[in-house]
Amino acid sequence: MSGEIDVSSHRRAVEVADQVYWIGALDPTLRVFDIILTTANGTTYNSYLVKGSEGVAVIDTVKENFADEFFSRLESAIDYSEIKVIVLNHLEPDHSGALPELMRRAPHARLYISKRATSMLKALLHASDDLEYTTVTTGDSVSLGDRSLRFLHTPFLHWPDTQCTYLEDEAILFSGDVFGCHYCDKRLFNDLVGDFRFSFDYYYAHIMRPFKKHVLEALKLIEPLQLRLIAPTHGPILRERPRRYVTHYRELSTSALARGIGSEDQSMIIFYMSSYGNTARMAEEISEGAGSVPGVRVSLFDLQGGETSPFVDLIEEADALLFGSPTINGDAVKPVWDLLSSLAVVNLKGKLGGAFGSFGWSGEAVRMIEDRMRGLKMHIPRQGLRVKLIPTEEELKDCRQFGQEIAEALVGKASDSDIVEFADLI
Ligand code: FEO
């Protein structure tokens, strides 16, 4: 194909493969997406059109305020009366924004969505009860005459409703947000655009990473497919060596420890900050106690000693996380909050947690850290440990006991009756 593709100056459909077209929109000035994601050069809302002998399919639409661009491209390729199929792989507004108007203009079209998308269809689009649609899952397909679209059930990538759609004869995967990135380049195709590796990995880290388990499930469906091209809903269309992006997703989603250290031990990480060495002393004793339990590998990190962001990988791999902080002005210290607030991209559900710290007169930090861990759906097997100023020998013994008990909970030695639930603490 030509290296001179320029879609910004005219609003025409761009051929992606035989009778397959990109009819999306460019948003080059966007700098913040969904509040949490930054993008240095905007994004694209990719929509696709597939022509068959007995009708046309439109796969995903665009953000509502880009609808004019989308409809102009669509009209350059087909007439609305030809549309028989509309597939929404994902109903987030950046892909469903033009759907109501598209359905109004294409009265012969039937909408295909995942089962989980039905409630969102009503909530997001205020779709009326008489709106007709078909829910689909893995194994279902829809015919366009001489070609057909097959559906893959790939939920939680990154919403419950997400699915992928596969065009059999051209081996094209319409992947939704999967394999996408916020990178706007009017040259559209991965072999023509600028270097988007950073954007691809950044997008994965912020959007897909919390759903690694679901990524791996989806890859089981995607990897066996013949793949000539991957057509995501954001960023470059992946036509040059598309499989390397699939391989990269598997690498990104596979446990670093499983690939690296290969330890069978349960991993406990203890992070702490200390003003006068008292919380540090507690951390050392807790580490000592936890390390006495066979099958538990303990790592101890002073947050004063480095940046917090490199710890996110470690945290994701850990089985138990303990945070120690003194209380200063009624709060935990900033590096502890920095680390805790950076964990939104990590799935911590079910990991064990614990908090501890020395305090001068109020000591709120421990409870605040515990609340944050509960908010992250971690399990707190032992009530947090607080020590007033310098720990006594007896309190240091309590620290060792605290570490040991959490470690025992980690390897399954603690009885359920020992578990302190949130309700017990208030
Ligand atoms: Fe691109 Fe999840 O919407």
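The values are calculated or read from the model by the stated rules, or taken from the named source; none is laboratory data. Being a predicted model, the structure only gives us computed values, none of them experimental. Cβ atoms come from the backbone with ideal geometry, glycine included; neighbour counts cover every protein chain shown. Accessible surface areas use protein heavy atoms only, side chains included; no ligands, DNA or RNA. Shrake-Rupley method; radii C 1.70, N 1.55, O 1.52, S 1.80 Å.
For (1) within 23 Å of the chain's Cα centre (by Cα); (2) at positive phi; (3) open to solvent by 20 Å² or more (accessible area, probe 1.4 Å); (4) within 16 Å of the ligand (Cβ to nearest atom), each residue gets a yes or a no:
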residue: LEU167; (1), (2), (3), (4): no, no, no, no
residue: CYS181; (1), (2), (3), (4): yes, no, no, yes
residue: LEU192; (1), (2), (3), (4): no, no, yes, no
residue: TYR202; (1), (2), (3), (4): yes, no, yes, yes
residue: ALA218; (1), (2), (3), (4): yes, no, no, yes
residue: GLY235; (1), (2), (3), (4): yes, yes, no, yes
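Remark: pairs (first residue in region 170-196, within 22 Å of LEU219 (Cβ to Cβ) and of a type in the set (Gly, Ala, Ser); second residue open to solvent by 30 Å² or more (accessible area, probe 1.4 Å) and more than 16 Å from the ligand (Cβ to nearest atom); Cβ separation under 9 Å; 6+ apart in sequence or on different chains) = ALA171/GLN226; ALA171/ARG228.
Within region 57-65, identify whether any single residue is of a type in the set (Lys, Arg) and under 16 Å from GLY176 (Cα atoms), and answer yes or no. Yes: one or more hits.
For region 285-331, a residue qualifies if it is among the β-branched types (Val, Ile, Thr), open to solvent by less than 60 Å² (accessible area, probe 1.4 Å) and farther than 17 Å from GLY353 by Cα, and the qualifying residues are THR308, THR327. If you check HIS95, HIS126, HIS153 for being touching a helix residue (DSSP H, G or I) at 6+ places or on another chain (Cβ under 8 Å) and either free of Cβ contacts under 8 Å to residues at least 60 places away in the same chain or of a type outside the set (Ser, Thr, Tyr) (or both), only one passes: HIS153. Counting the residues of region 39-64 that are within 15 Å of the ligand (Cβ to nearest atom) and not in a loop (DSSP other than H, G, I, E, B) gives 6. Output the residues belonging to region 382-398 that are farther than 20 Å from ASP319 by Cβ and in contact with a strand residue (DSSP E or B) (Cβ under 8 Å, 6 or more places away or on another chain). Listed by number, the residues that qualify are ARG386, VAL387, LYS388, LEU389, ILE390, PRO391, GLU395, ASP398. For residues that are among the β-branched types (Val, Ile, Thr) and modelled with pLDDT of 95 or more, scanning just region 237-267, find the one that is surrounded by the fewest Cβ atoms within 10 Å (Cβ to Cβ). That would be THR247. Given the structure, is LYS84 away from the ligand (no atom under 15 Å from the Cβ) and touching a Gly at 6+ places or on another chain (Cβ under 6 Å)? Spelling it out, LYS84 is indeed away from the ligand (no atom under 15 Å from the Cβ) and touching a Gly at 6+ places or on another chain (Cβ under 6 Å).
A count restricted to region 69-112 and to residues that are under 21 Å from the mean Cα position of the chain (by Cα) and either open to solvent by less than 40 Å² (accessible area, probe 1.4 Å) or of a type in the set (S, T, N, Q) (or both) stands at 8. The set of residues from region 113-139 being surrounded by 15 or more Cβ atoms within 10 Å (Cβ to Cβ) and not polar (S, T, N, Q) comprises ILE113, ARG116, ALA117, MET120, LEU121, LEU124, LEU125, ALA127, TYR133, VAL136.
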